[in-house]
Amino acid sequence: MKRGLVLEGGAMRGLFSAGVIDEMMVHGLNPDGIVGVSAGAAFGCNYKSGQYGRALRYNQRFAKDSRYSGIRSLLFSGDLFNAEFAYHIVPNQYDVFDCEAFASNPMEYYVVCTDVSTGEPVYHKCEIGGDEFYEWVRASASMPLVSNVVNINGVGLLDGGMSDSIPLNFFEHQGYDNNVVVLTRPKGYMKKISRLMPLLKFGLRKYPEVYAAMARRHEMYNAQLEYVHKAENAGRCIVIRPEIPIPIGHISHDPKRMQVAYDLGRNTALSHISRIKEFWQQ
């Protein structure tokens, strides 16, 4: 039986997930593998590299730095989160990602992206850190309209949440039987069709398959919530989700709000620690 951790996205709501995994690290709970989508991919990699607190730390440090993210970056580079500074300079110079620890840890690590030519999910197993790995993470977290397409090995990629927001089914097919699923929306949440669809139609005019994926994303997401619910009732997974809506938007430049989202994740995870220990010891 393999122990898995499934991390959905949610942009800055992902700091809730960062709090969850840090609390799990404190208690020595180590999955055999992780699959992360978007912010889940960007923050979850610190679990494999063993870097407690890193996700919150660099986001707070650069929250108001125009080199990191913001309208200036979007206007001049086409990326709300600056591709070079946020995804290469920060992990290589300012808050160094521990590539050696990442590579030596036997924990498997997958990121989910969306192929812009097909609108289908791409699952990539990452075994070593470094600049190519950072590009995979960037691709997984590259939201449409505010990000450039990321080209890796001749394939154009964008946000994995458009095609597989909660990849529990994927992970079960990889042999992960005992999964902890971290969601960033409270129980009862149902996704509705985006009000930005007219804008997305124009912004994604070169990628009709991605637009089609976005048009049906709410249906896909709600079906995945139902799948997770059934898996939880069947005893195949434990779900960790906030009790209340996380008080932070998709984008935030407020370190205090980041701290609140992170602390909410820590506190929520703490109430599940005993269950997870028992579940993973089966």
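The values are calculated or read from the model by the stated rules, or taken from the named source; none is laboratory data. Since we're looking at a predicted model, the values are computed, not measured. We place every Cβ from the backbone using ideal geometry, glycine too, and count neighbours over all the protein chains shown. Surface accessibility is based on the protein's heavy atoms, side chains included, excluding ligands, DNA and RNA. Shrake-Rupley method; radii C 1.70, N 1.55, O 1.52, S 1.80 Å.
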On the formula 1/(1 + (r/R0)^6), with r taken between the Cβ atoms of Leu74 and His250 and R0 of 22 Å, the FRET efficiency rounded to 0.05 is 0.95
Placing each pseudo-label 7 Å from Cα in the direction of the beta carbon, Ala215 and Asn148 end up separated by a distance in nanometres of 2.9
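Length gain on complete extension for the stretch Asp263 to Asp131, per 0.36 nm per residue less the alpha carbon to alpha carbon distance?
On the way: separation 132, 0.36 × 132 = 47.52 nm, distance 3.00 nm.
Here the segment from Asp263 to Asp131 would lengthen by 44.5 nm.
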Listed by chain and number, the lysines with an alpha carbon less than 16 angstrom from that of Lys230, same-chain partners under 8 positions apart left out, are Lys187
Listed by chain and number, the lysines with an alpha carbon less than 16 angstrom from that of Lys256, same-chain partners under 8 positions apart left out, are Lys64
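What FRET efficiency comes out for Lys64 versus Ser104 if R0 is 30 angstrom and r is the Cβ-Cβ distance? Round to the nearest 0.05.
Numbers: r = 35 Å, r/R0 = 1.17.
Computed FRET efficiency for Lys64 and Ser104 comes out at 0.30.
How much area per residue is accessible in the stretch 140-282 when the probe is 1.4 Å and only protein heavy atoms are counted (Å²)?
Numbers: 7370 Å² over 143 residues.
On a per-residue basis, the stretch 140-282 sits at 52 Å².
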Here the tail fraction of P(r) beyond 32 Å, over all Cα-Cα pairs of the chain, rounds in percent to 17
With a 1.4 angstrom probe the carbon and sulfur portion of accessible area for the stretch 170-260, in percent, totals 56
So the pair-distance distribution of the stretch 132-232, from every Cα-Cα distance in 10 Å bins, comes to percents of 13, 40, 35, 12, 0
Any aspartates and glutamates whose Cα falls less than 20 Å from that of Lys277, other than same-chain ones fewer than 8 residues away, would be Asp22, Glu23, Asp32, Glu108, Glu172, Asp177, Glu232
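What's the extension gain from Lys230 to Thr118 if we count 0.36 nm per residue and subtract their Cα-Cα distance? Walk me through the numbers on the way to the answer.
On the way: separation 112, 0.36 × 112 = 40.32 nm, distance 2.90 nm.
Contour length minus the Cα-Cα distance gives 37.4 nm.
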Low-density loop trypsin sites (Lys or Arg not before Pro), the stretch 42-123, at most 12 other Cβ within 10 Å, DSSP non-H/G/I/E/B, are Lys64
